[in-house]
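One structure is given here, and the rest of the page talks about it.
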Amino acid sequence: MEYVNLPQRSQRLNSESKKTKIHKIFSVDSLRSEPFGRELRVERLRVEDCELSGEIFERKSPQGRDELMAPILAVQKLYKSFGGVEAVKNVSFELEKGQLLAMIGPNGAGKSTCFNLINGQLRPDHGRIIIMGAEINGSKPRDVWKLGVGRTFQITATLPSMTVLENVQMALLSYHGRTHSLLRKVGQLYVDESRELLEQVGIGDQADRACGVLAYGDLKRVELAVALANKPRLLLMDEPTAGMGPAERQTLMELTRHIVRTRDIGVLFTEHDMDVVFNHADRIIVLSRGELMAEGTPADVQTNAKVKEIYLGNEE
Ligand SMILES: Nc1ncnc2c1ncn2[C@@H]1O[C@H](COP(=O)(O)OP(=O)(O)O)[C@@H](O)[C@H]1O
Ligand SMILES: [Mg+2]
């Protein structure tokens, strides 16, 4: 069984041995393309050994006017190489709040590398990443998380034996920095807030079911509710609709768009399904071999000759 490197959340855990196990629960990056394998793997964890620490993290609030006026995300002349491979090369773009920005490009274009640079998992070779006015270059994932950057796929730690409601309660406990053993029932903690989040993502009626029995589309909604529990200002969604049917994809993105508007947050997402991209993104950036090839509204990008060239024979 293989687990990828840690997302932010496990860094908020104290004890080494416990850390490893939580780390695994939340490390689902490598599993996201195997939706039906994921639950099995999570089942194999010894849940009773896990415990969240009581470490409390204050989220920074934007202070001055400059921070409030700043775009949610500004990427400036970003570079990242792996050995001889220039995965990201001179990439610049901005994301305003209330916007859904799609990052598209063929496999190997540098999309995931961009995401990993933005959430602090990778350090850029050159360039700047500014989140709500704060430069995060060299910041650890935990510090980026504290600025209000969330990521959906890392959390599919929907523990299958726990109910949907309990999963969201656990996420809220974590957000509030509360200690809690996974062995104990979360009881009445944050019940109302959890139910409200589940209503918002459209699965209020599933609250008391075990996550393990949910349909895949509903599981993705739980994932979204869990991500929202952390009150992100910027949400990074790497292939949020992978593994879903076409109708379900559209529904999830409509929901995401609604959340972006009502919470006034920014979402950066990657997506292979061009219908989803063109129907739901406010703006699109196109990467190819690490470089930004085009940027604009769906209409701009759809008619862009360079983009057509990149995608010719590259339809996925
Ligand atoms: N950790 C890594 N080590 C070496 N090469 C990498 C690593 N991550 C990505 N790459 C390379 O960087 C390029 C961009 O990859 P990636 O960002 O995953 O693209 P995408 O997400 O658009 O498919 C690819 O050529 C890939 O092989
Ligand atoms: Mg990728």
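The table for this structure:
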| item | result |
| --- | --- |
| Meets criteria (of a type in the set (D, E, K, R) and within 16 Å of ligand 1 (Cβ to nearest atom)) for residue 111 | yes |
| Sole exception among (1) of a type outside the set (Phe, Trp, Tyr); (2) within 16 Å of ligand 1 (Cβ to nearest atom); (3) touching a residue at least 40 places away in the same chain (Cβ under 8 Å) for residue 241, by number | (3) |
| Test result for residue 242, closer than 22 Å to residue 73 by Cα, buried (at least 16 other Cβ atoms within 10 Å of the Cβ) and under 18 Å from the mean Cα position of the chain (by Cα) | no |
| Yes/no for residue 111 being touching a Ser or Thr at 6+ places or on another chain (Cβ under 8 Å) and either among the basic types (Lys, Arg) or at pLDDT 95 or above (or both) | yes |
| Segment 93-117 - residue that is aliphatic (A, V, I, L, M) and within 13 Å of ligand 2 (Cβ to nearest atom) and, of those, farthest from residue 70 (Cα to Cα) | 109 |
| Only one of 305, 210, 215, 229 that is hydrophobic (A, V, I, L, M, F, W, C), away from ligand 1 (no atom under 16 Å from the Cβ) and in contact with a strand residue (DSSP E or B) (Cβ under 8 Å, 6 or more places away or on another chain) | 210 |
| Counted residues, segment 181-203 - those being surrounded by fewer than 21 Cβ atoms within 10 Å (Cβ to Cβ), among the small types (Gly, Ala, Ser) and modelled with pLDDT of 90 or more | 1 |
| Long-range neighbours under 6 Å by Cβ, at least six apart or interchain, first residue assigned by TED's automatic domain parsing to the domain that holds residue 115 and in contact (Cβ under 8 Å) with a residue 12 or more places away in the chain within segment 277-305, second of a type outside the set (Gly, Ala, Ser) and assigned to a loop (DSSP other than H, G, I, E, B) | 277/271; 282/99; 294/304 |
| Residue 224 touching a strand residue (DSSP E or B) at 6+ places or on another chain (Cβ under 7 Å) and surrounded by 23 or more Cβ atoms within 10 Å (Cβ to Cβ) | no |
| Matching residues in segment 248-273 - criterion: being touching a helix residue (DSSP H, G or I) at 6+ places or on another chain (Cβ under 9 Å) and within 16 Å of ligand 2 (Cβ to nearest atom) | 268, 269, 270, 271, 273 |
| Pairs, first within 16 Å of residue 217 (Cα to Cα) in segment 251-271, second within 16 Å of ligand 1 (Cβ to nearest atom) and among the hydroxyl-bearing types (Ser, Thr, Tyr), C-beta under 6 Å, six or more apart | 252/241 |
| Output for segment 219-256, where each listed residue is assigned to a helix (DSSP H, G or I) and farther than 16 Å from residue 171 by Cβ | 246, 247, 248, 249, 250, 251, 252, 253, 254, 255, 256 |
| Residue list for segment 254-280, restricted to those being out of contact with any Lys or Arg (no Cβ under 9 Å at 6 or more places or on another chain) and away from ligand 1 (no atom under 16 Å from the Cβ) | 254, 256, 257, 258, 259, 261, 262, 278, 279 |
| Near pairs, Cβ below 6 angstrom, 6+ apart or cross-chain, from segment 127-142 (assigned by TED's automatic domain parsing to the domain that holds residue 69 and closer than 22 Å to residue 69 by Cα) to any residue that is modelled with pLDDT of 90 or more and of a type in the set (Ser, Thr, Tyr) | 127/79 |
| Hits in segment 69-112 - residues which are of a type in the set (Val, Ile, Thr) and buried (at least 21 other Cβ atoms within 10 Å of the Cβ) | 72, 75, 88, 91, 104 |
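The values are calculated or read from the model by the stated rules, or taken from the named source; none is laboratory data. Because the structure is a prediction, the values reported are computed rather than measured. Cβ sites come from the backbone with ideal geometry, for glycine too, and all protein chains shown count toward neighbours.
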